[in-house]
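The values are calculated or read from the model by the stated rules, or taken from the named source; none is laboratory data. These figures come from a predicted structure and were not determined experimentally. No Cβ is skipped: glycine too gets one built from the backbone with ideal geometry, and neighbour counts run over all protein chains shown. Note: areas computed on protein heavy atoms with side chains; ligands, DNA, RNA excluded. Shrake-Rupley method; radii C 1.70, N 1.55, O 1.52, S 1.80 Å.
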Amino acid sequence: MSKLCFRGALFHTLGNPVHNADAAAYYADGGLIVEHGKVLKAGAWDDLQSATIGLPITHLPDTLIVPGFIDAHVHYPQVDAIGGFGEHLLDWLKNYAFPAEMAFADMHHARKMAKFFLSELLRNGTTSALVFATVHPHSVDALFEEALARNMRLITGKVLMDRNAPDELLDSAQDGYVQSKALIEKWAGKGRLGYAVTPRFAPTSTREQLDAAGKLLAEFPDILMHTHLCENKKEIEWVSALFPEARDYLDVYARAGLVNDRSVFAHCVHLTAKERADLGTANSAIAFCPMSNMFLGSGCFDLAAAQEADIEVGFGSDVGAGTSLSSFGSMNEGYKTAQLKGQRLHPFQAFYMATLGGARALHIDHHVGNFTAGKEADFCLLDMAATPLLKRRLSVSKNAEETLFALSMLGDDRAIRRTYVAGQLAHDRDTE
Ligand SMILES: [Zn+2]
């Protein structure tokens, strides 16, 4: 059967609700028709009905159909480091992240973790992600092999680090360049895969290595650049000591040609006004990682200021410093972060950032992010009665806004009943 049909409440966004209140579309009785793995039609059930004649209809009770979630910043090698007690960023890296990454010297371990990680993404309704691998090229191979087998739209890259990390995790400017180039040539554009040049962050790369990363971007204009920026105050002081010639942290990257419209910067908690304006001018994107920022005590990201500067913002789980792979976790902590800043993160905006906004940040929005006809059918069937509390709370909801907000506060992987990748069932909570 090349056509599939789903009936339930349906929500997606057609643009950024901050700029256009009509960009969010909710249908209490909606539907989605998928043909050959792509969206044929989505909207109110009444408008779809004539197109569904003769089709088997999947109509589960209490279902909300949403686009697959997009994680704009996550480290798959750090799954075993999740929930590491007691540190801020720099000591956390030393005590938790680096040891977990060292285990990836073993290809067998990398393969096992790639399978586990992608299964967990799908269990959480996440169908696309921008992922840090490790310094080992085979960590990229392992994740791409597994993502290709599952036909997922996924982007990763080999981490570049040639100083200030354990010896086992260091490459050199030249080796990092050669290995990245070989991986790009091997994987970029294969299936639904994409590559990101991935310097960890300025303190662990020499100027020479950052310049080599810039050279890769110039040679391969379609790939992304993915790194960390202005996460923690001690980190920022360290960067200014290591790169005294740079005007600010962002300028360290800019001098190497790493700040452009295909760059994704995780965190950006402590940006200066100048850095924020420069990100806006360059059309770079930000991955807002509220779970991680709270967990490591890094600070509160200024979402309103980023939106004012017209910067595209997606959510990143930043596991292992983030405490969950669920986009509901990001929405939940993102809302609280906004509260602490005296701002308000509307649920339509939060769902936008977890879907279409993330897709735009990762330059995959012409493929995924909403239910526009012709897009790849990556989506989830959410169970609005997944827990007694969720069922009870949503039974008294008065409108879509309240439903989505309560769901984002109470939801977790139990609310992901099914996840579909390019129209194929990729996770079924009730049979696994
Ligand atoms: Zn990170």
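Here are a few things to note about the model shown:
- At least 1 residues being within 16 Å of the ligand (Cβ to nearest atom) and in contact with a Phe, Trp or Tyr (Cβ under 8 Å, 6 or more places away or on another chain) is the threshold, and among the strands (runs of 3 or more DSSP E) wholly inside the stretch 12-109 those reaching it are 69-75.
- Qualifying residue in the stretch 312-330 (condition: open to solvent by 30 Å² or more (accessible area, probe 1.4 Å), assigned to a helix (DSSP H, G or I) and either on the phi > 0 side of the Ramachandran plot or not small (Gly, Ala, Ser) (or both)): no
- Within the stretch 235-264, the set of residues being touching a residue at least 24 places away in the same chain (Cβ under 8 Å) and either polar (S, T, N, Q) or not assigned by TED's automatic domain parsing to the domain that holds residue 163 (or both) comprises 260, 263.
- Condition broken by residue 373, with the remaining ones in (1) assigned to a loop (DSSP other than H, G, I, E, B); (2) out of contact with any Phe, Trp or Tyr (no Cβ under 9 Å at 6 or more places or on another chain); (3) open to solvent by less than 10 Å² (accessible area, probe 1.4 Å) satisfied: (3)
- Residues within the stretch 210-231 that are buried (at least 23 other Cβ atoms within 10 Å of the Cβ) and not hydrophobic (A, V, I, L, M, F, W, C), tallied: 4
- Among residues of the stretch 395-419, those that are hydrophobic (A, V, I, L, M, F, W, C), farther than 20 Å from residue 23 by Cα and surrounded by fewer than 20 Cβ atoms within 10 Å (Cβ to Cβ), counted: 4
- Residue within the stretch 26-43 that is surrounded by fewer than 23 Cβ atoms within 10 Å (Cβ to Cβ), farther than 29 Å from residue 385 by Cβ and among the hydrophobic types (A, V, I, L, M, F, W, C) present: no
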